[in-house]
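Asker: Submitted below is the structure of interest, expressed as structure tokens.
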Amino acid sequence: MKMRILGIAVDADASSLFSRDYAGGGWRKWKWVALFGLLAAGPVMGAEELSLQAVVTPSTVIEKNGKPVRFAIHGFIEFKTLAEAFAYIDGETRRWKDAGGDVDTQRLARELLRRGIESRVISMEDERPLEALMTHTKEELQSAIAAVKEPVPAGYAEAFVAVQEKWKHSLNCWSASPSIAGRVLSNWYPITEDIRLHGATYDSTEHFWQAVKYHPDVTVGELQELLVAWEGRDWSAWLKRLDSDAKIYLPNAYAVEFLRHNLQVERLKWFGEELTRQGLKAGDRARLAQQRGATAPRFSGFEEKVLWGDLADLFHMVYTFSAADDPLRKMLAEHHFDGIYLGERKMGFISEEFRSQMLEIWKVKYLEMPRFREVIAGIPLEIRLEHFLNDGDSPDIPIPVYVGYLNEIREMARGRGKAQVGGENLALPGPAGQAVGAGK
């Protein structure tokens, strides 16, 4: 069986090979990551050099270890070539044009094109496309695109140039960054001395962010019961309501595609099987299980995101996107997936208040812990801190909001005073279809 992790398909049975070992403050050779090809961020040994012309040619299939290097739009809609992405973009613009309504399809096409090109270049599996783009001038890039003999959409050259300009002055902060600073700035980065947040200790900031999505009283047994009940449900009509409404789908495409993927029977079964494989008991409390115990760390940052995070996001998003009279809302509210419960507060899952907790936990990591403060403060201001993962954009904290906070905390760490925190609103469907929450 295949499972999809951040838009990359891997064998689900390989999940049993995760390593939870720490050594010297980091993963022990990060062996479980290399297993999946997720962290192939170093030089591509023995790989064939990739020319700039190949990168910009729409029909090019980039291969690594004999397999196509895929990229995505909205994290889950995958392609082998830019030409395939063009066909998807054409289909989407026709879909919304035929549906009527007030949709700027030209703007939509430009946005999807830019997202596809950036996902092709900022690959989670292969650095060569980015290397080709970064080691050529703007003029050389434009010449290469002009030499393409295949059909390309309007704005193709402009989108490529914009991606090149962005990443010539940016650092992608994620767990597989070729830069040490980029890796350290990932929420997955293990903190050997632990980090204390809201009265509990955690192995990383990722552990807190995902654990807090579960009410303190929610048990593993309750999660298993929900999963079993959902396996027998036909979700097609529920998803069709989201798919067919431009006011829901277009601002929330990643969320809808996430739901479509994770509501598949095989995926629901995988969640249940993985909870069992981890040796969890029915009476174990989900939030407590993710906190640091007396023994070695129980879950890696990867497992926090793919198991605990995706499962919590699934429950919270089904609650958020369900119609007001849908019995699902009552069922999920009974299990406290109607919000984020932190101390005496209850916050909306998709809300500025919850998102602001990311900045609050970073204040502990980057302002109160000297070794992390030194790392982030040492990155020159001319370099913008970014976070790009296969065009995935989780609705709990959309990438533009995340990136904004990341650059603001650097300002604070450099002693430039408290930066302003805020963002534009993101329309999300409330119980009666109204907009709720905030975002990009």
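Asker: How many residues are over 19 Å from the mean Cα position of the chain (by Cα) and surrounded by 17 or more Cβ atoms within 10 Å (Cβ to Cβ) when one looks only at the range 242-267?
Answerer: The number of residues fulfilling the criteria is 2.
Asker: Can you name every residue in the range 175-187 that is modelled with pLDDT under 95 and not polar (S, T, N, Q)?
Answerer: 176, 178
Asker: Can you tell me which condition residue 225 does not meet? The list is (1) within 28 Å of residue 265 (Cα to Cα); (2) in contact (Cβ under 8 Å) with a residue 24 or more places away in the chain, and all the others hold.
Answerer: (2)
Asker: Note down all Cβ pairs under 9 Å where the first residue falls in the range 257-272 and is in contact (Cβ under 8 Å) with a residue 40 or more places away in the chain, the second is of a type in the set (Phe, Trp, Tyr) and in a helix (DSSP H, G or I), and they're at least six residues apart or on different chains.
Answerer: Matching pairs, first to second residue: 259/238; 259/321; 262/271; 263/230; 263/238; 268/230.
Asker: While we're on this one: Residues of the range 213-250 being charged (D, E, K, R) and either touching a strand residue (DSSP E or B) at 6+ places or on another chain (Cβ under 6 Å) or in a helix (DSSP H, G or I) (or both), which ones?
Answerer: Once the filter is applied, which keeps residues that are charged (D, E, K, R) and either touching a strand residue (DSSP E or B) at 6+ places or on another chain (Cβ under 6 Å) or in a helix (DSSP H, G or I) (or both), the range 213-250 yields 222, 225, 231, 240, 241, 243, 247.
Asker: Being free of Cβ contacts under 8 Å to residues at least 60 places away in the same chain and within 20 Å of the chain's Cα centre (by Cα), is that true of even one residue in the range 173-182?
Answerer: Checked against the condition, which is being free of Cβ contacts under 8 Å to residues at least 60 places away in the same chain and within 20 Å of the chain's Cα centre (by Cα), the range 173-182 yields at least one hit.
Asker: Identify, from the list 345, 277, 329, the residue that is surrounded by 15 or more Cβ atoms within 10 Å (Cβ to Cβ) and basic (Lys, Arg).
Answerer: On inspection, the qualifying residue turns out to be 329.
Asker: Moving on to the next point. Test each condition in (1) of a type in the set (D, E, K, R); (2) over 19 Å from residue 130 (Cβ atoms); (3) under 25 Å from the mean Cα position of the chain (by Cα) for residue 104 and report the one that comes out false.
Answerer: Just one mismatch for residue 104, condition (3).
Asker: Would you pick out the residues in the range 136-163 that are in contact (Cβ under 8 Å) with a residue 40 or more places away in the chain and either touching a Leu at 6+ places or on another chain (Cβ under 8 Å) or among the charged types (D, E, K, R) (or both)?
Answerer: Passing the criteria: 136, 140, 141, 144, 150, 153, 155, 156, 159, 160, 163.
Asker: Select the helices (runs of 4 or more DSSP H) contained entirely in the range 101-188, then report the ones holding at least 2 residues which are not assigned by TED's automatic domain parsing to the domain that holds residue 48.
Answerer: Because the criterion is at least 2 residues that are not assigned by TED's automatic domain parsing to the domain that holds residue 48, the helices (runs of 4 or more DSSP H) in the range 101-188 that meet it are 156-167, 180-184.
Asker: Sticking with this structure for a sec: Out of (1) surrounded by fewer than 17 Cβ atoms within 10 Å (Cβ to Cβ); (2) out of contact with any helix residue (DSSP H, G or I) (no Cβ under 8 Å at 6 or more places or on another chain); (3) not charged (D, E, K, R), the odd one out for residue 323 is which?
Answerer: All conditions are met except number (2).
Asker: Among the residues of the range 75-100, which ones are of a type in the set (Gly, Ala, Ser) and assigned to a helix (DSSP H, G or I)?
Answerer: Once the filter is applied, which keeps residues that are of a type in the set (Gly, Ala, Ser) and assigned to a helix (DSSP H, G or I), the range 75-100 yields 83, 85, 87, 91.
Asker: Sticking with this one: Check whether at least one residue in the range 364-381 is surrounded by fewer than 21 Cβ atoms within 10 Å (Cβ to Cβ), under 22 Å from the mean Cα position of the chain (by Cα) and outside any helix (DSSP H, G or I), and report yes or no.
Answerer: Checked the range 364-381: no residue is surrounded by fewer than 21 Cβ atoms within 10 Å (Cβ to Cβ), under 22 Å from the mean Cα position of the chain (by Cα) and outside any helix (DSSP H, G or I).
Asker: Starting from residues that are touching a helix residue (DSSP H, G or I) at 6+ places or on another chain (Cβ under 8 Å) and among the hydroxyl-bearing types (Ser, Thr, Tyr), keep the ones in the range 72-129 and report whichever is farthest from residue 310 (Cα to Cα).
Answerer: 105
For every residue, the table says whether it meets (1) within 30 Å of residue 93 (Cβ to Cβ); (2) among the small types (Gly, Ala, Ser); (3) touching a His at 6+ places or on another chain (Cβ under 8 Å); (4) surrounded by fewer than 19 Cβ atoms within 10 Å (Cβ to Cβ).
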residue: 150; (1), (2), (3), (4): yes, no, no, yes
residue: 163; (1), (2), (3), (4): yes, no, no, no
residue: 176; (1), (2), (3), (4): no, yes, no, no
residue: 181; (1), (2), (3), (4): no, yes, no, yes
residue: 203; (1), (2), (3), (4): no, no, no, no
residue: 225; (1), (2), (3), (4): no, no, no, yes
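Asker: Report yes if residue 237 is small (Gly, Ala, Ser) and touching a residue at least 40 places away in the same chain (Cβ under 8 Å), otherwise no.
Answerer: no
Asker: Name every residue in the range 35-74 that is modelled with pLDDT of 95 or more, crowded, with 19+ Cβ neighbours inside 10 Å and assigned to a loop (DSSP other than H, G, I, E, B), in order of residue number.
Answerer: Within the range 35-74, 50, 57, 60, 62, 69, 70, 74 qualify.
The values are calculated or read from the model by the stated rules, or taken from the named source; none is laboratory data. These numbers were taken from a predicted model, which means no experiment stands behind them. Neighbour counts run over all protein chains shown; Cβ positions are idealised from the backbone, glycine included.
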